[in-house]
Amino acid sequence: MDLSGAPYGSLGTLSGPSITIQELKKDRISFILTETDLSVANSLRRVMIAEVPTIAIDMVEIETNTTVLADEFIAHRLGMIPIDSTDVERIKYTRDCTCSQYCSECSVELTLHVKCTEDRTKIVTSKDLVSNNPQFQPVVEDKNDQGILIVKLRKGHELKLKCIAKKGVAKEHAKWSPVSGVAFEYDPYNKLRHTHYWIEEDAGKEWPVSGNAKLEAEPNPDAPFDYNAKPDRFYIETETVGSLKPEDVVSMGMKTLLDKLGYVQMQLKEELASHQQDQTGWSY
Amino acid sequence: MTFSLKDEDHTLGNALRYMIMKNPEVDYCGYSIPHPSEAKMNIRVQTTDRTSAIEVMDKGLQDLIDLCTVVVDAFKAEVSNGDFEYDEDAVWP
């Protein structure tokens, strides 16, 4: 079947969608998605932000907290710490697990115990968290990374706690998002006139063209407006928080989308089978 | 015929709407999220006499699965191809 962005039966390139990676670094990927519809590209963007599962601290049991920060404040800070989720597929969602509360199949336990005994200020960072599962450690960027600051201690202050990290998606809480940002652009010259502000007097003068404009031919300013044109070239750049590799975020995002579709298709078949059984049929 | 999908949103709704609408046997397809705090998405399909909404829905889902598979394969091929700027240790900027 025809998978391209063009309508049914239209002549043109029927090669289907394609991807060109422009840049791949430790924490970012930049690629161009072509020959597909805006809705599909936007689904990819949305799924990368909100539905790629990762591991994040979800429950905190505080034993001792004599620091200047309140318990819930520290618990919130702990939740935001990215945890290496490369092996996230080995962990189950707690709701799908057979255990009553949580277990090693569906969670990772991290403990922290720091006490300041010197006159100097002591900093507690994500590096002080000790994981019970070596596959799931707080993210360390490189050897110069000193960890993420959680709290500062004065002499006599102590912090002792146990964290339960769980698998989740950012639809539930943004701490599970594998990305800190997804840049999404199409039509850098605004040929389709999808963007317009009432405050503009001369859009060409007021808006500098983006870097992606270099990759497209500059349009003739006298060219008539093509009202049938549709966007089919999407410039996407994803920046991760470090819990997953950028290329994995994209492929896991697509996989999540496929799983959703497969699930809906299965549900549709089941629904149909159960309705055909009771012979009453549908009136539609 | 209207399908009501639980726990789905614009992510699936818009792409599925587009895919179903591409089918020439479909007269109308649209989706809506009746209330933003209810995790529910309704998708309405109206077809010609030659087919049924369920068939069209199934085909739409299958077409979208095929399309996503093409994107996944294209992405994997591009990553293994390695024809791009790559720096394992570089952290931006």
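In the range A:191-222, the qualifying residues are those that are among the basic types (Lys, Arg) and part of a loop (DSSP other than H, G, I, E, B), and the one that is nearest to A:ILE21 (Cα to Cα) is A:LYS191. Could we say that A:ILE81 is in contact with a Pro (Cβ under 7 Å, 6 or more places away or on another chain), under 25 Å from A:ASP248 (Cα atoms), modelled with pLDDT of 95 or more and among the hydrophobic types (A, V, I, L, M, F, W, C) here? Considered against the rule, which asks whether it is in contact with a Pro (Cβ under 7 Å, 6 or more places away or on another chain), under 25 Å from A:ASP248 (Cα atoms), modelled with pLDDT of 95 or more and among the hydrophobic types (A, V, I, L, M, F, W, C), A:ILE81 comes out as yes.
Every residue in the range A:223-239 that is out of contact with any Lys or Arg (no Cβ under 8 Å at 6 or more places or on another chain) and either surrounded by 13 or more Cβ atoms within 10 Å (Cβ to Cβ) or part of a strand (DSSP E or B) (or both), please. A:LYS230, A:PRO231, A:ASP232, A:ARG233, A:PHE234, A:TYR235 - these are the residues of the range A:223-239 that are out of contact with any Lys or Arg (no Cβ under 8 Å at 6 or more places or on another chain) and either surrounded by 13 or more Cβ atoms within 10 Å (Cβ to Cβ) or part of a strand (DSSP E or B) (or both).
Taken together, the residues in the range A:103-122 that are of a type outside the set (A, V, I, L, M) and farther than 12 Å from A:ASN132 by Cβ amount to 11.
Every residue in the range B:1-20 that is at the interface with another protein chain (Cβ under 10 Å from one of its Cβ atoms) and among the small types (Gly, Ala, Ser), please. Walk me through it before giving the result.
So the first thing to find is which residues in the range B:1-20 are at the interface with another protein chain (Cβ under 10 Å from one of its Cβ atoms), and the list is B:1-3, B:5-19.
B:GLY13, B:ALA15, listed by residue number.
A:PRO188 falls short of the stated requirement of being assigned to a loop (DSSP other than H, G, I, E, B), open to solvent by 50 Å² or more (accessible area, probe 1.4 Å), without any contact (Cβ under 8 Å) to a residue 60 or more places away in the chain and not acidic (Asp, Glu).
All of (1) crowded, with 18+ Cβ neighbours inside 10 Å; (2) free of Cβ contacts under 8 Å to residues at least 40 places away in the same chain; (3) more than 14 Å from chain B (Cβ to nearest Cβ) hold for A:THR54 with one exception: (2). Being open to solvent by less than 50 Å² (accessible area, probe 1.4 Å) and in a helix (DSSP H, G or I): is that true of A:LEU112 here? In short, no.
Within the range A:87-109, track down each residue that is of a type in the set (S, T, N, Q) and part of a strand (DSSP E or B).
Applying the first criterion (of a type in the set (S, T, N, Q)) to the range A:87-109 yields A:94, A:98, A:100-101, A:104, A:107.
Correct list: A:SER107 only.
Can you give me the number of residues within the range A:193-217 that are surrounded by 10 or more Cβ atoms within 10 Å (Cβ to Cβ) and farther than 15 Å from A:ILE32 by Cβ? The number of residues fulfilling the criteria is 9.
The values are calculated or read from the model by the stated rules, or taken from the named source; none is laboratory data. Predicted, not measured: the structure shown is a model, and the values here were computed from it. As a convention, Cβ positions derive from the backbone with ideal geometry for all residues, glycine included, and neighbour counts pool all protein chains shown. To get the accessible areas, we keep the full protein, side chains included, count just its heavy atoms, and leave off ligands, DNA and RNA. Shrake-Rupley method; radii C 1.70, N 1.55, O 1.52, S 1.80 Å.
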